[in-house]
Amino acid sequence: MSKMIFVNLPVTDLARSTAFYEAVGFTKNPKFSNERGSAMVWSDTIHLMLLTHDFWKTFTDKQIADASKVAQVLLCLSRESKADVDSMVAQAEAAGGALDPTPVQDMGFMYGRSFEDPDGHIWETMWMDPQAAAEGPPAEVMA
C-alpha cells in the first residue's frame, strides 16, 4: 500500500460540508461514509474525512477549535495550472466558501490562492512551474 494522508476535519453540518467538498472537486466514497462522517477523495493518496462534532469527540478530549475564529492548519492542494487554481477558488465561492482568507501569491514561478469552507477551514490551492518544482525556485527568491 502506498503512503497516504487522511485529513480529519470537524464540521457542523455534514451534508452541507459534503456538498461543498464535492463542488470543489472531491469525490465522496460511500463505502466509508455514514451519518457521522463523509470520506472524501482528492486523489489515490489524499483523503479527507469530514466528521460531525459528536463523532470527532470520540477521537480526542481536546476542544474543537472554531475554525471561523482561529487557524490551526493551512491545507494546500496543487493544481495543474494557474487557471485551475482560479477555477477551484471560484467553485468554492459558488458553493458558499469565502475567498482568499490568505494573501494571493503570484511569484511568477508559483501562483496560489485560498478559500475557506463553510466551517472556516482554510484551503490553499497552488500551481508551480514544473521546472521550479524540479530544480527549486529562482535564486533571487531564496535570497
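The values are calculated or read from the model by the stated rules, or taken from the named source; none is laboratory data. Computed from a predicted structure; not experimentally measured. In this analysis, Cβ positions are derived from the backbone assuming ideal geometry, glycine residues included, and neighbour counts consider all displayed protein chains. Ligands, DNA and RNA are excluded from the accessible area calculation, which covers all protein heavy atoms including side chains. Shrake-Rupley method; radii C 1.70, N 1.55, O 1.52, S 1.80 Å.
Between 95, 90, the distinction of being free of Cβ contacts under 8 Å to residues at least 12 places away in the same chain and open to solvent by less than 60 Å² (accessible area, probe 1.4 Å) belongs to 90 only.
Selection of region 105-128 for residues being more than 26 Å from residue 68 (Cα to Cα), open to solvent by less than 50 Å² (accessible area, probe 1.4 Å) and part of a loop (DSSP other than H, G, I, E, B) yields 108, 109. Filtered by the rule that a residue be open to solvent by 30 Å² or more (accessible area, probe 1.4 Å), among the hydrophobic types (A, V, I, L, M, F, W, C) and in contact (Cβ under 8 Å) with a residue 40 or more places away in the chain, region 8-54 gives 19, 23, 46, 49.
For residue 137, indicate whether it is farther than 20 Å from residue 5 by Cβ, in contact (Cβ under 8 Å) with a residue 60 or more places away in the chain and assigned to a loop (DSSP other than H, G, I, E, B). Give the derivation first.
On the way: farther than 20 Å from residue 5 by Cβ: yes; in contact (Cβ under 8 Å) with a residue 60 or more places away in the chain: no; assigned to a loop (DSSP other than H, G, I, E, B): yes.
The answer is no for residue 137.
Annotation for region 49-66: no member residue is among the small types (Gly, Ala, Ser) and either under 21 Å from residue 125 (Cβ atoms) or in contact with a Leu (Cβ under 8 Å, 6 or more places away or on another chain) (or both).
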